[in-house]
Amino acid sequence: MTDNQMNPSICAIILAAGTSSRMGMPKQLLQLNGKPLLEHAIGMAVSAEFSEIITVVGCEATNIQRAITVNDPRFRWVVNEEYLSGQGSSLKTGISQVGEQHSGMMVFLGDLPFIENRTIQSIYQAGKEMLKEYDTSFVIQPEYNGITGHPVFFGHPDKKVFMELKGDRGAKIIMNKISMRQSIPVDDSGILFDIDTPDVYHEAISLNK
C-alpha cells in the first residue's frame, strides 16, 4: 500500500458562483447569524481535515472575496468566469483546480448552512476508508428520510469525465456514470436545507433565533 493510500489526500470544493436568480439578490452575502451565508459553508469545510479547500465564486466574486476573510492556508478562491452557464460549469472549474495529489474530494454547496459537523465527519471518514480499500471511482452521499443530499464525496474521480460537463448540469450526470455508490443514513435535515428563495431565507433566520 502506497503512502497516498494509507493517508489519502482529500480536497473540499464549495460551489458558490450562481446568480441567485430565485432569491433576487446575491445570497452568498445574505446575513445569517451574524455572518454571510457562504461563510457558514466555508466554516464547515475549515473545521474538517481537508488538505485543501477550494471555493468557486462567479457572480459578485470581487464583493464576496472582500466580505469574507478566511485565515487558513488550505483555503483559496477560484473564479468561474462562465458562471452564467450554470452550476455544472462551476463544478468543472473547481475540479480543474484539484491537484493530482488528491485522491478524493467532497463537494459542498454554498447555500446549505445547516449541515452538522458530525455528518461531514461521517462522510469524510467513510470516504477516507474507501479510498484505502478501492482504487476505482466511487460516490458517497448522506441520506435523510430516504433522500440523498450534500456534501457529496467523490473517490478516485476521473477528471476527464467531469470536464465533459456543460451548462447547468451538475454532479448527477457524473454520478450516474459511477457504479460504486453508497448512501449513509444521517439524522440531519441540514443536508437538504438549501436557501434559494426569500421565504426559505426567512425560515432560516427564524431557526437561528
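Read the figures in this text as sums done on the coordinates, not as results from a lab. Note that this is a predicted model, so its numbers are computed, not measured. With ideal geometry, Cβ positions are generated from the backbone for all residues, glycine too; neighbour counts draw on all protein chains shown.
Roughly speaking, what is the stretch gain from M6 to R66, that is 0.36 nm per residue apart minus the C-alpha to C-alpha distance, in nm to one decimal? Present the calculation step by step, with values, prior to reporting the outcome.
Working: separation 60, 0.36 × 60 = 21.60 nm, distance 3.83 nm.
Net length gain for the segment: 17.8 nm.
For the chain, what does the helix formula give at 222 nm: sum of -39500 (n - 2.57) over DSSP H segments with n ≥ 4, over the residue count, nearest 500 deg cm²/dmol?
-8500 deg cm²/dmol
If the chain between S47 and M25 were fully stretched, how many nm would it gain, using 0.36 nm times the residue separation less the Cα-Cα distance? If you can, show how the numbers build up before the last one.
On the way: separation 22, 0.36 × 22 = 7.92 nm, distance 2.81 nm.
Stretched fully, the S47-M25 segment lengthens by 5.1 nm.
Each Lys and Arg contributes +1 and each Asp and Glu -1, all at the Cβ; summed about the Cα centre of segment 16-117, the dipole is approximately 240 debye. Sorting I115, I10 from the fewest to the most surrounding beta carbons within 10 angstrom yields I10, I115. Can you give me the C-alpha center-to-center distance between segment 48-124 and segment 175-189, rounded to a whole angstrom? For segment 48-124 versus segment 175-189, the Cα centre distance is 20 Å.
Across the chain, the mean sequence separation of Cα contacts (distance under 8 Å, 6 or more residues apart), normalised by length, yields a relative contact order of 26 percent. Output the pairs from K92/K128; K128/K160; K132/K177; K27/K177; K27/K160; K35/K159 with a Cα-Cα distance over 25 Å in this structure; if there are none, say none. Checking Cα-Cα distances, K27/K177; K27/K160; K35/K159 exceed 25 Å. Remark: spin-label model distance L84-I147 equals 3.2 nm, labels positioned 7 Å along the Cα→Cβ axis.
Taking the Cα centre of segment 87-209 as the origin and placing charges on Cβ (Lys, Arg +1; Asp, Glu -1), which of S96, P185, N117 is farthest toward the positive end of the dipole? So the residue we want is S96.
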